[in-house]
1. Just to be sure before I move on: is B:V64 over 10 Å from the mean Cα position of the chain (by Cα), more than 12 Å from chain A (Cβ to nearest Cβ) and either surrounded by fewer than 20 Cβ atoms within 10 Å (Cβ to Cβ) or among the hydrophobic types (A, V, I, L, M, F, W, C) (or both) in the structure I sent?
2. What number of residues in the stretch A:61-111 are of a type in the set (K, R) and closer than 13 Å to A:R30 by Cβ?
3. Which condition from (1) part of a strand (DSSP E or B); (2) within 11 Å of chain A (Cβ to nearest Cβ) is the one that B:K104 breaks?
4. For the stretch A:1-48, give me each residue that is more than 13 Å from every other protein chain (Cβ to nearest Cβ), touching a Gly at 6+ places or on another chain (Cβ under 8 Å) and touching a residue at least 60 places away in the same chain (Cβ under 8 Å).
5. Can you tell which of B:K37, B:K22 is in a strand (DSSP E or B), farther than 30 Å from A:Y50 by Cβ and not aliphatic (A, V, I, L, M)?
6. Can you tell me which residue within the stretch A:88-116, out of those that are buried (at least 21 other Cβ atoms within 10 Å of the Cβ) and in contact with a His (Cβ under 9 Å, 6 or more places away or on another chain), is modelled with the lowest pLDDT?
7. Going through the stretch B:24-34 one residue at a time, which ones are away from chain A (no Cβ under 11 Å) and either within 30 Å of A:R9 (Cα to Cα) or not aromatic (F, W, Y) (or both)?
8. Yes or no: A:T114 of a type in the set (V, I, T), more than 14 Å from the chain's Cα centre (by Cα), on the phi < 0 side of the Ramachandran plot and more than 12 Å from chain B (Cβ to nearest Cβ)?
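The values are calculated or read from the model by the stated rules, or taken from the named source; none is laboratory data. As the structure is a prediction and not an experimental result, all values here were calculated from the model. Cβ placement follows ideal geometry from the backbone for every residue including glycine, while neighbour counts extend to all protein chains displayed.
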Amino acid sequence: DAGITQSPRHKVTETGTPVTLRCHQTENHRYMYWYRQDPGHGLRLIHYSYGVKDTDKGEVSDGYSVSRSKTEDFLLTLESATSSQTSVYFCAISELIRGWSVGEQYFGPGTRLTVT
Amino acid sequence: GENVEQHPSTLSVQEGDSAVIKCTYSDSASNYFPWYKQELGKRPQLIIDIRSNVGEKKDQRIAVTLNKTAKHFSLHITETQPEDSAVYFCAIRGGSNYKLTFGKGTLLTVNP
């Protein structure tokens, strides 16, 4: 497995509280991604980063924000958690190959978040 | 935006049979087509991928075929084994970005 860790691995929180999930990589890859996985929906992109301080929205970004102040860390924040944000969250990384083509995407172990 | 349809959503086969999962896409600029396997409670893992300049790629018992004209690609698993049981996801990536769009997944069950 690529050097990707996520913390925490499990979290239970109450509606309305802020939550931050961390993705840490040791591969020095440029691109980082946050997905959520829900039954029947597959993997949906929340936000992604194409460099330090460079981020953009994915298809399900409402209610989420991200920050990337260092190459190795990509943080996902739920400002005010809702029950609809109960999900499994995966971080992923990828890098350019041959200077122009984006290579394979590798996933972290996931974080199971429950909002009660 | 990019869209990918994956079928079937569930597939049950007997050990030793072949399994085929198909994905169709709409963006003709898509140029990268990976397949991921996800075992229960685990992370998705890349098992095979193909780029748009190649029609077929094999790796032991698994193969991927791409038909750019018809805009579909398929995963073929031969001589299935119980350890092949998992959820399989296809994905596509367009020509001008580095995001993947995933299909909704196929739950493959291989019965001993």
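1. Details: over 10 Å from the mean Cα position of the chain (by Cα): no; more than 12 Å from chain A (Cβ to nearest Cβ): yes; either surrounded by fewer than 20 Cβ atoms within 10 Å (Cβ to Cβ) or among the hydrophobic types (A, V, I, L, M, F, W, C) (or both): yes.
No; evaluated as a whole, the condition is false for this residue.
2. Residues of the stretch A:61-111 that are of a type in the set (K, R), as a first pass: A:68, A:70, A:98.
Remaining after also requiring closer than 13 Å to A:R30 by Cβ: A:68, A:70.
Count: 2.
3. The failed condition is (1).
4. Once the filter is applied, which keeps residues that are more than 13 Å from every other protein chain (Cβ to nearest Cβ), touching a Gly at 6+ places or on another chain (Cβ under 8 Å) and touching a residue at least 60 places away in the same chain (Cβ under 8 Å), the stretch A:1-48 yields A:Q25, A:E27.
5. Numbers: B:K37 fails: farther than 30 Å from A:Y50 by Cβ.
Exactly one residue qualifies, and that residue is B:K22.
6. Going through the qualifying residues, I end up with A:S94.
7. So the first thing to find is which residues in the stretch B:24-34 are away from chain A (no Cβ under 11 Å), and the list is B:24-30, B:33.
Within the stretch B:24-34, B:T24, B:S26, B:D27, B:S28, B:A29, B:S30, B:F33 qualify.
8. Working: of a type in the set (V, I, T): yes; more than 14 Å from the chain's Cα centre (by Cα): yes; on the phi < 0 side of the Ramachandran plot: yes; more than 12 Å from chain B (Cβ to nearest Cβ): yes.
Spelling it out, A:T114 is indeed of a type in the set (V, I, T), more than 14 Å from the chain's Cα centre (by Cα), on the phi < 0 side of the Ramachandran plot and more than 12 Å from chain B (Cβ to nearest Cβ).
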